[in-house]
Each structure stands twice: as C-alpha cells, then as structure tokens.
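Below is one structure; the comments refer to it alone.
The values are calculated or read from the model by the stated rules, or taken from the named source; none is laboratory data. As the structure is a computational prediction, the values presented were derived from the model and not from experiment. All Cβ positions, even for glycine, are placed from backbone atoms using ideal geometry, and neighbour counts span all protein chains on display.
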Amino acid sequence: MSEFSERWLNRLMAVIAGLNWLFLILGSVTALIQFPGSAWPAMILAGIYVVAFQLLPRRLLLMPIWREGAAVIATGLTAAAMSFTGSFQSSFLLLAITPVMLAALFGGYRLGFATAGLSAGILIAVSVPMQQISYSGLGSWLGLLLLVAATFGLARRLILEAMDHVEALTEITAETGARLEQLENTNVLLTKLVALTGSDELSAATVGEASLNTIRSAVPFDGAEMFMLTNDQLVLVATSGTASEYSTTISIKTPLLRTIGELHLFTSRPLTDRQLEVVDELLASTAVSFTNIAMLEEIAANAIRDERLRVARELHDGLGPGLASLGLAIDVAAMGSRGALEDQLVSLRSSVTDLVTDMRSAVEDLRTDPNSSTLSAIRRELIGATPPAKISLAETELIPPDRRDNITAIALEAIRNARTHNSVAEIAVTGHINGTRGHIRIEDAGVGFDPAAPHEGRFGIVGMHERAEAAGATVRIESTPETGTTVIIEWEPQ
C-alpha cells in the first residue's frame with residue numbers, strides 16, 4: 001500500500017491543525033473559568049503543542065522515527081495540560097485526542113493504539129501523586145482513545161486503498177491515452193503510406209535510375225548496375241551503360257550500417273578514394289529509399305499472408321462442408337435413379353469430387369509460405385505421389401518474390417493435371433531455376449489432349465497463361481492424344 005501523496009498529506013494536516021486550534025481555544029476559555037489558578041500552565045503546554053504541530057514540516061510525518069517522536073511529545077504535552085485542569089474532567093480532553101488521531105492516520109493501528117496507551121499511562125502517572133485518579137474516568141478515557149485510534153486507523157486504510165485505486169485508474173487512463181495516441185500516429189502513417197504507394201519514390205527501379213543519374217553527374221562511369229537486397233537476394237533494379245575494364249563494387253548501407261544493396265561501377269580507370277567517398281555520400285539517400293521500399297514490401301507481404309490464411313479458412317470451413325454435403329446428396333439421389341439420370345448423377349458426382357480436390361489444393365497453396373522456394377513447393381506436392389515422380393530440377397537462386405508465386409502456381413497446376421490424367425507412367429520434373437532466369441519442364445505419358453481444342457468448364461489452362469503473363473514468363477503446352485503432355489515454363493530477366 002502506497003504512502004500518502006502530497007495532496008492528501010496537506011489535507012489531513014489542515015484538518016488536524018484546525019481541530020487543534022479549535023480545541024485549544026475551547027479548552028483555554030473553559031480552563032480560565034473552572035481553574036483560574038492553574039489554567040495558565042495548562043494553556044502554555046497546550047499552546048506549545050498546537051504551535052509546534054503547525055510549524056512541523058509535513059513531509060517529516062511520512063518518516064517513522066519523526067512520526068513516532070511527534071506522537072510521544074504531543075501526548076506528553078496534552079496529558080500534562082490535562083493534569084493541571086482536572087485530569088479526566090479537563091477542558092483540554094478533546095485536544096488530548098488529536099495526538100492519537102495523528103498517530104493512527106499516519107502510522108496505522110499499531111501506532112494509534114500505542115499512543116492511546118501512552119496518553120493514558122502519562123495521565124495516570126501524573127494524576128496518582130496529585131490524588132486526582134478516577135478509575136471510572138480512566139476507563140472511559142482509555143475507551144475513548146482506543147475508539148479514536150481504531151476509527152482513524154480504519155480511515156487511513158480506506159484513504160490509502162482509495163489512493164491505490166486512483167493510481168491504478170490513472171495508469172489505465174495513461175495506457176489508454178498512449179494507445180490512442182499510437183493508433184492516431186499509425187493512422188497518420190498509413191494515410192501517408194497510401195499517398196506514397198502511387199508515387200515513384202516507392203519504385204526500386206525509379207530510385208535506382210535516379211541514383212545512377214545523380215552519381216554519373218559527380219563521378220563519370222562507363223557502366224553501372226544497381227542491386228537491391230530483397231529476401232536475402234540481390235535483385236537488379238537499374239542498369240546504365242556497358243561494362244569496361246575496371247569494376248568497383250560499393251555496398252549500399254543504411255545509417256545503421258546494414259547492407260541494403262550493391263552498386264557495381266564500370267570505369268576505364270580505377271576510382272580514387274575521393275570519388276569513392278562522393279559515391280558513398282550520394283548513396284545515403286538511396287539507402288533510405290531502399291529501406292522504405294523494403295519495409296513497404298514487408299508490410300505488403302504480411303498483409304498478403306494474413307489474407308491468404310483468411311481465404312483458406314473460409315474455403316475450408318465454408319465451401320468445404322457445403323461441397324461435402326452436395327456430394328452426399330448426389331450419392332443418395334444416384335442410389336434411387338436408373339438409366340440416363342443415374343449416369344448424369346455419377347458424372348456430376350465425379351465433377352464434385354474433382355472440385356473438392358481442387359479446393360483442397362487451393363487451400364494448401366494458400367497456407368503455404370509464399371516466400372518458400374519453388375523447388376520445395378514442388379517437392380511437397382510430389383511427396384507420396386501416385387504415379388511416382390522423378391525430380392531433376394536445380395535451384396541455385398530463388399525466383400524474385402514478385403514472380404515466384406505465379407511461376408510456382410503454374411508448375412503445381414501442371415503437376416496436378418499430370419497426376420490426374422496419368423495413372424501409370426512416371427511424371428518427370430526437370431529444369432533449372434536461377435532467380436530471374438530459368439525453365440521448368442513437366443512431362444507425363446498420360447492420355448494427352450489437343451491443346452488447341454476448346455475445353456468448356458476447364459479453366460486450368462487459361463489460368464496458367466494468365467499467371468504466366470502476370471509473371472513475365474511464357475508457358476508452352478505440348479500434347480497429343482494418347483502420347484502424354486509436356487508443360488514448359490520459361491522466364492528471363494525483366
């Protein structure tokens with residue numbers, strides 16, 4: 001439990017000080033009337049207590065040794081004042097209660113009860129020699145002091161608990177305010193981000209070309225290549241001129257010295273140290289731009305991943321059970337049908353089964369990490385495949401993320417088609433993947449088909465060509481009936 005705050009300390013001290021002055025005035029007036037001969041010593045003792053309390057620095061009462069010392073001195077002064085003015089019938093009786101109030105409020109039950117006992121003890125010690133002891137009065141006085149100690153000890157506890165609640169609410173309010181401020185700042189940043197997404201500042205190619213033009217004006221060169229580091233791969237974003245005799249590689253680093261790209265400069269003579277310093281200075285803004293682009297790509301990748309998982313859940317939890325129910329209903333209808341209707345229902349059931357298979361494949365694709373390699377995706381697809389598959393596909397460098405998804409999807413679609421229409425012969429996957437350049441060949445010895453013939457209701461081939469166009473790749477399908485099918489995917493640097 002926390003101690004009193006400055007505000008509460010001042011409030012409590014003001015209340016006790018006010019009571020002290022009130023009880024001093026009442027006690028003094030009454031003592032002058034009842035005990036004119038001995039009133040003045042009692043008034044002086046009581047006055048010393050009240051004035052000393054008024055001058056006591058407030059913060060000292062928060063220290064146990066000062067608090068306990070003040071309680072002892074106040075108790076002695078008020079008990080002595082009572083002994084001069086009728087002991088247990090003294091007019092300063094109310095004033096003698098305030099030290100117990102003080103002790104209980106600032107020290108709790110223990111100090112409050114101890115001060116009450118001390119007050120009664122001092123009064124007894126003073127009254128016995130003066131033959132002013134009254135045991136009935138003593139009992140009433142001690143009971144009153146204990147009641148005051150218990151009451152103000154409880155008041156202390158309630159006040160401190162209320163303060164703890166206020167502090168907790170203040171912390172919650174502060175956290176809520178900080179959270180709202182963070183959300184407001186996030187909203188501002190997102191608004192700016194939306195405004196920037198359509199600008200050239202977030203195009204790596206535009207930034208690279210502008211950087212090369214700026215560098216050329218300061219350090220002439222014959223040729224240059226600028227790369228940006230994306231997913232731990234250097235991706236070519238801008239070129240200028242042609243290669244020449246001397247090649248210099250300069251790292252593009254952020255202010256925190258993290259490499260974010262590389263610049264290859266081709267010159268007819270070696271660059272001087274001063275020219276290298278100039279290039280480094282000019283690349284500072286390029287590093288910041290590349291960092292912004294990388295962060296945007298990371299944000300986009302996270303958003304795409306979350307959306308892929310959401311769509312996968314909806315397909316699995318929504319469309320999946322619906323298709324399963326539809327298939328069951330067709331099975332029930334087929335059992336009670338005959339002739340042409342039964343054949344149509346069996347054909348429809350086969351289509352539903354194919355649709356369920358395609359949906360499960362789509363869900364698996366959506367749940368697959370889009371940053372995984374094309375080769376690993378193909379291997380996962382062919383684990384335990386029937387018919388068996390032979391993979392002779394080399395991958396020396398990952399395909400850039402902006403092309404990888406579509407190229408991988410084309411390969412997986414071709415493999416699934418081969419597995420669907422080839423029940424015996426082995427499927428062969430060959431080729432080579434070298435980042436921005438590569439080719440993949442998927443062959444099967446299945447039933448084959450005529451690629452030029454229309455295939456109503458079958459959108460796999462159309463989708464493969466659409467994905468190839470989006471990825472800047474080409475897809476060729478070579479097939480004739482009864483001889484199998486070969487799908488060739490090829491792509492070059494854009």
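Hey, among the residues in region 1-49 that are modelled with pLDDT under 80 and among the hydroxyl-bearing types (Ser, Thr, Tyr), which one's farthest from Ala70 (Cα to Cα)?
Per the stated criteria, the residue is Ser38.
Filter region 429-448 down to residues that are over 46 Å from the mean Cα position of the chain (by Cα) and buried (at least 19 other Cβ atoms within 10 Å of the Cβ) and give me whichever is modelled with the highest pLDDT.
In this case the residue turns out to be Glu443.
So for region 451-466 (the condition being at positive phi and either surrounded by 14 or more Cβ atoms within 10 Å (Cβ to Cβ) or in the same structural domain as Leu236 (by TED's automatic domain parsing) (or both)), does at least one residue qualify?
no
How many residues, within region 221-234, are free of Cβ contacts under 8 Å to residues at least 40 places away in the same chain and part of a loop (DSSP other than H, G, I, E, B)?
Total satisfying the criteria: 1.
How many residues are assigned to a strand (DSSP E or B) and surrounded by fewer than 12 Cβ atoms within 10 Å (Cβ to Cβ) if we restrict to region 235-262?
Selection size over region 235-262: 1.
Sort through Ala300, Ala224, Ala238 and tell me the only one that's among the small types (Gly, Ala, Ser) and at pLDDT 85 or above. It would help to see each step written out before you state the result.
Numbers: Ala300 fails: at pLDDT 85 or above; Ala238 fails: at pLDDT 85 or above.
Just a single option satisfies the conditions, and that option is Ala224.
Quick one: Arg419 ticks every box in (1) modelled with pLDDT under 90; (2) in contact with a Phe, Trp or Tyr (Cβ under 6 Å, 6 or more places away or on another chain) except a single one, so which number is it?
Among (1) modelled with pLDDT under 90; (2) in contact with a Phe, Trp or Tyr (Cβ under 6 Å, 6 or more places away or on another chain), Arg419 violates only (2).
Assess whether Ala178 counts as being among the aliphatic types (A, V, I, L, M) and at pLDDT 75 or above.
no
Could you please tell me which pairs satisfy a Cβ distance under 7 Å, a separation of 6+ or placement on different chains, a first residue in region 9-34 that is farther than 15 Å from Leu45 by Cβ, and a second residue that is in a helix (DSSP H, G or I) and among the hydroxyl-bearing types (Ser, Thr, Tyr)?
Between residues of region 9-34 that are farther than 15 Å from Leu45 by Cβ and residues that are in a helix (DSSP H, G or I) and among the hydroxyl-bearing types (Ser, Thr, Tyr), the close pairs are Ile16/Thr98; Leu19/Thr98.
Which number in (1) over 21 Å from Leu145 (Cα atoms); (2) surrounded by fewer than 22 Cβ atoms within 10 Å (Cβ to Cβ) marks the one condition that Ala31 misses?
The failed condition is (2).
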